[in-house]
Structure formats: C-alpha cells, structure tokens
Amino acid sequence: MAGGRDRDPLVVGRVVGDVLDPFTRTTNLRVSFGARTIANGCELKPSMVSRQPRVEVGGPDMRTFYTLVMIDPDAPSPSDPNLREYLHWLVTDIPGSTGAAFGEPSVPVLICLCYPLSTRQA
C-alpha cells in the first residue's frame, strides 16, 4: 500500500501532505471539462477550464451528501504560489450517486473593511 501511495499524483505533487492530510478514498469522483476527463495530477491551462466542469459523484446512496471544493494549490504558479489554495468553485449538498449539478453552488464571502486612521501608516 505504501508503494501505491508514493506514486499517487496527489502525493507526488505534494497536494497530500501540504493541502490535504493523508486520506482513504471512499467514493468515486469523475470530473470532465468538455470531452476531457481529468485525472489526479494533470495540469490544465486556464483556457481549458474557463467553463464549469461536469462532475459525477459515485457515492453509495442519495442520502449521503458531499461537498466539492476545487482549488488551485499553487496559484498562480508553482514557482510563485502567492495565491496558494485559490478557491475556484465550491458546491455543497451533492447527493451521492449523482452529479454536482444537483448540489448548491456556494460563493465565497469576502468582507472588506475601510475605516479612517488617526495617523498615517508608514
């Protein structure tokens, strides 16, 4: 098992260990952009992912719900990940044995504050 885990693209690409804790897969997930099905570890150009992907969850039953989080772990590039873990897409309440289209898209909430200061900040 350890040998298989070492060759897992999520481990090789340091997603597991950096972004995610080690885990055991419990359900199948299929993601495709147009005609291209995505595999763990493949690199995608922005032009390839400009539209929402098709997502299929192969869960055990419709009473189990999933959350799908799509991030870029090293945005904008591996050499300069100053936007690391950039959130691209979040869908909650996806019933098992269905697609993400049946879930609830969520939008990140950003709170910006602007207030006067008593002195100029250097």
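Looking only at the range 37-59, count how many residues are touching a Ser or Thr at 6+ places or on another chain (Cβ under 7 Å) and surrounded by fewer than 13 Cβ atoms within 10 Å (Cβ to Cβ).
Of the residues in the range 37-59, 1 are touching a Ser or Thr at 6+ places or on another chain (Cβ under 7 Å) and surrounded by fewer than 13 Cβ atoms within 10 Å (Cβ to Cβ).
Using the structure shown, decide if GLY34 is loosely packed, with under 12 Cβ neighbours inside 10 Å, touching a Ser or Thr at 6+ places or on another chain (Cβ under 7 Å) and not hydroxyl-bearing (Ser, Thr, Tyr).
It is false that GLY34 is loosely packed, with under 12 Cβ neighbours inside 10 Å, touching a Ser or Thr at 6+ places or on another chain (Cβ under 7 Å) and not hydroxyl-bearing (Ser, Thr, Tyr).
How many residues are of a type in the set (Ser, Thr, Tyr) and under 21 Å from VAL49 (Cα atoms) when one looks only at the range 80-97?
2
Within the range 50-59, count every residue that is within 13 Å of the chain's Cα centre (by Cα) and of a type outside the set (S, T, N, Q).
Within the range 50-59, residues that are within 13 Å of the chain's Cα centre (by Cα) and of a type outside the set (S, T, N, Q) number 2.
Residues in the range 19-31 that are touching a residue at least 12 places away in the same chain (Cβ under 8 Å) and surrounded by fewer than 13 Cβ atoms within 10 Å (Cβ to Cβ): how many?
3
We did not get these values from a lab; they are worked out from the coordinates using the rules stated. Remember, predicted model here, so these are calculated numbers, not experimental data. Neighbour counts are summed over all protein chains in view; Cβ atoms, including those assigned to glycine, are modelled from backbone coordinates with ideal geometry.
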